[in-house]
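Contents: one structure, followed by commentary.
The values are calculated or read from the model by the stated rules, or taken from the named source; none is laboratory data. Bear in mind that the values here come from a model prediction, so they are computed numbers and not experimental data. Don't worry about glycine lacking a Cβ; one is built from the backbone with ideal geometry, like all the others, and counts go over all protein chains shown. For accessibility, only protein heavy atoms count, side chains too; no ligands or nucleic acids. Shrake-Rupley method; radii C 1.70, N 1.55, O 1.52, S 1.80 Å.
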Amino acid sequence: GLSAKLMAGYYFSESFEKIWRQTFNVYNYNELTSQYVVGGVQNSPSNLTGNYSPLQRTTLLGQLNYEKSISNIHNFKTSLAFESRNEKTDNLWANKQMLIDVDQFFAGVAANTQVTSSNIYEVANQNFIGRVNYDYSGKYLVEAGFNYGGSSKFPEGERWGFFPYISGGWRVSEENFLKGNTSFIS
């Protein structure tokens, strides 16, 4: 009745967005001369924006399960699991004005250059999960368990919590005074 499961996952993605805003002329139509004349300039000087965001996520899950039935009356199930998740990301945003119309950062000028980094985080969660389940003849059910979990999102000293539970049930439809004696309960 013993079984085990182990799963691991790794996910990585990165995105790079490049936005090129080139200088261009805006024209007005002169009805008297039937000509287009320059009425203004937009995006002067040309500028280039870049946004780079990597994301890395790892997951690990290990689980042990045990099932035992005694005389088809006493049924036991237990489970113990460990789960770990880690995720981290970064971000780099840059904007540069250009002297020449080339959409590459090396061609820009140092004046008015902007570089920022935001949305940087690293989080980790771990959980230890346990469960014990007992039923007597499929009629009387009891289950108890816990989750002892921690998260790096909380301050040191308050990252871990213990969350127990217990539940019970009675399948009245399996009792002899109802089973087969009523037409409205199947």
Restricting to region 142-181, and then to whatever is among the charged types (D, E, K, R) and under 34 Å from the mean Cα position of the chain (by Cα), can you tell me which residue is least open to solvent (accessible area, probe 1.4 Å)?
143
Unique residue being touching a Lys or Arg at 6+ places or on another chain (Cβ under 7 Å) and either exposed (fewer than 14 other Cβ atoms within 10 Å of the Cβ) or at pLDDT below 95 (or both) when the list is 139, 68
139
Subset of region 81-112 that is touching a helix residue (DSSP H, G or I) at 6+ places or on another chain (Cβ under 9 Å) and in a loop (DSSP other than H, G, I, E, B) - its residue that is most open to solvent (accessible area, probe 1.4 Å):
99
Any idea which of (1) surrounded by 12 or more Cβ atoms within 10 Å (Cβ to Cβ); (2) in a strand (DSSP E or B) is the one residue 11 doesn't satisfy?
(1)
Unmet criterion (only one of (1) open to solvent by 80 Å² or more (accessible area, probe 1.4 Å); (2) more than 30 Å from residue 1 (Cβ to Cβ); (3) at pLDDT 95 or above; (4) not basic (Lys, Arg)) for residue 119
(3)
Yes or no: region 106-120 includes at least one residue that is of a type in the set (Ser, Thr, Tyr), farther than 30 Å from residue 136 by Cα and touching a Pro at 6+ places or on another chain (Cβ under 7 Å).
no
Identify, please: which residue in region 22-37 is open to solvent by 90 Å² or more (accessible area, probe 1.4 Å) and not aromatic (Phe, Trp, Tyr) and is, among those, nearest to residue 105 (Cα to Cα)?
35
